[in-house]
1. Kindly list, by first and then second residue, each pair from a residue in the range 133-147 that is among the aromatic types (Phe, Trp, Tyr) to a residue that is part of a loop (DSSP other than H, G, I, E, B), limited to pairs with Cβ atoms under 9 Å and residues at least 6 apart or on different chains.
2. Failed condition for residue 109, given (1) closer than 20 Å to residue 212 by Cα; (2) out of contact with any Phe, Trp or Tyr (no Cβ under 7 Å at 6 or more places or on another chain), with all others met?
3. Exactly one condition in (1) in contact with a Pro (Cβ under 8 Å, 6 or more places away or on another chain); (2) open to solvent by less than 10 Å² (accessible area, probe 1.4 Å) is false for residue 152; which is it?
4. Would you mention how many residues in the range 223-240 are part of a strand (DSSP E or B) and over 22 Å from the mean Cα position of the chain (by Cα)?
5. With the requirement that a residue be loosely packed, with under 15 Cβ neighbours inside 10 Å and of a type in the set (Gly, Ala, Ser), what does the range 69-97 give you?
6. Is there any pair linking a residue in the range 178-200 that is among the aromatic types (Phe, Trp, Tyr) to one that is assigned to a strand (DSSP E or B), with Cβ under 7 Å and at least six apart or on different chains, and which?
7. Could you check the range 114-130 and list, in sequence order, the residues that are hydrophobic (A, V, I, L, M, F, W, C) and out of contact with any helix residue (DSSP H, G or I) (no Cβ under 7 Å at 6 or more places or on another chain)?
8. Give the residue that is farthest from residue 252 (Cα to Cα), with candidates limited to residues of the range 292-309 that are assigned to a loop (DSSP other than H, G, I, E, B) and of a type in the set (A, V, I, L, M, F, W, C).
Amino acid sequence: MLFRNRRSPEHRRTRSPRSWRARVAGLAAAALALSLVQANVGNAAADRGAAEVAPRAAADVVRVAEFLAECPYTHRAPDDPIVFPGLPGASHMHSFFGNDTTNAHSDLASLEKGRTSCSPVTDLSSYWVPTLYDGDREVEPTGTTFYYLGEGVRDDVIRQIQPFPRGLRIVAGNAKAAGPQDNTIARWSCLHAGHVNPSQDFVNCPAGTMLESYLDFPQCWNGTDLDSADHKSHMSYPVAGECPATHPVPVPKLRQVLRYPVNGDPARFRLASGPGFTMHGDFFNVWPEEEMAQRVRDCINAIVKCGFDGRP
C-alpha cells in the first residue's frame with residue numbers, strides 16, 4: 001500500500017516540467033512588472049530633469065534687443081561724403097572705420113565694392129568721427145564697437161522695428177556745439193573707472209584706464225528720405241517710448257562706443273572739430289538687406305542679445 005502511494009519516477013517526470021514552467025512564468029511576470037515600475041520611475045525622473053533644464057535654457061537667453069559689429073580703424077582723411085560730398089579736403093580730419101574705401105566721393109555703389117574691417121565682414125557700412133588729438137598727436141581708438149539696439153522704446157515698439165534702408169545716411173551729435181549743453185547726445189567716460197562721472201566734455205581718467213566715447217544715433221525714420229539737408233531732419237529720437245508721428249518708422253538705435261588708449265589731464269585732448277562736446281558721428285548704411293533683416297527679426301524684434309554672427 002505504501003508502495004502504491006509513492007510517486008513513481010514517471011509521475012515525477014510528467015509533473016516537474018509543468019511546475020517548472022509555472023515557476024518561470026511567474027518569475028517572468030514579476031520581472032515584467034518590476035521593469036514597468038522602473039520605466040515609469042525613470043520617465044518621471046526624466047520629465048523632472050527636462051522640466052529643470054528648460055527654465056535654465058530659457059534663462060540663458062538674455063532679454064536685450066541687440067546685435068553688433070566690431071569695426072576697427074581703417075584710415076584718416078579730411079573728407080566727409082555726407083556733409084561735403086565730392087569735395088576732398090573740405091572737412092576737418094576724420095577717422096574712418098569699417099569700409100576702407102570711404103572718401104569724399106563715396107556713394108552706395110562705390111562702398112558696395114569696398115572691403116571692410118568689420119566683424120562680421122558682411123557689414124560694408126562706413127562709420128567716421130572727428131580725429132582725437134593728444135597735444136599734436138593723433139590718437140585712434142583701440143576699441144570700436146557699433147551696437148544696434150532696440151532700447152529707448154517700449155517693447156511693443158521694439159517688435160515693430162524695421163531694418164535700416166540701404167543707403168541711409170545719418171549724422172549724430174553736434175560738430176558746431178558752443179558748449180556742453182549743445183550736445184547732450186555724446187558723452188565721455190572712463191573704461192574700468194565707474195566712479196568717474198560721464199560728461200559731455202573730456203573727463204580725467206585715472207592711470208591704467210582708457211577714455212571712452214559714447215554716441216547714440218536717432219532711431220525714428222520719416223520713412224521716405226535717405227538723407228536731408230542738415231543730415232538729421234529725416235531722423236528723430238523717440239518721445240515717451242515711441243516714435244513721433246512725423247517720423248513713424250522705428251529702426252535700430254545705433255550706439256557708437258570708442259575706446260581711446262589715453263588717460264589723464266583732459267586739457268591735453270581736443271577733437272578735429274573742437275572741444276570734447278563737439279563729438280559727432282557719421283553713418284552710411286551699406287549692410288546687405290537680407291543680413292540686416294535677419295538680425296532685426298531674430299535679435300531686435302525677438303528682444304534677444306546676439307553676437308557678431310547675428311545669433312544668440
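1. That search, which allows pairs on different chains as well, returns 133/93; 133/272; 146/71; 146/118; 146/123; 146/125; 147/252.
2. Of everything listed in (1) closer than 20 Å to residue 212 by Cα; (2) out of contact with any Phe, Trp or Tyr (no Cβ under 7 Å at 6 or more places or on another chain), residue 109 misses just condition (1).
3. (2)
4. Going through the range 223-240 one residue at a time, the tally reaches 1.
5. 86, 89, 90
6. Listed by first residue and then by second, the contacts come to 188/199; 188/211; 188/212; 188/213.
7. 118, 121, 128, 129
8. 308
The values are calculated or read from the model by the stated rules, or taken from the named source; none is laboratory data. Since we're looking at a predicted model, the values are computed, not measured. Quick reminder, even Gly has a Cβ in these numbers, built from the backbone with ideal geometry, and neighbours come from all protein chains shown. We work out accessible area using only protein heavy atoms, side chains counted, and drop any ligands, DNA or RNA first. Shrake-Rupley method; radii C 1.70, N 1.55, O 1.52, S 1.80 Å.
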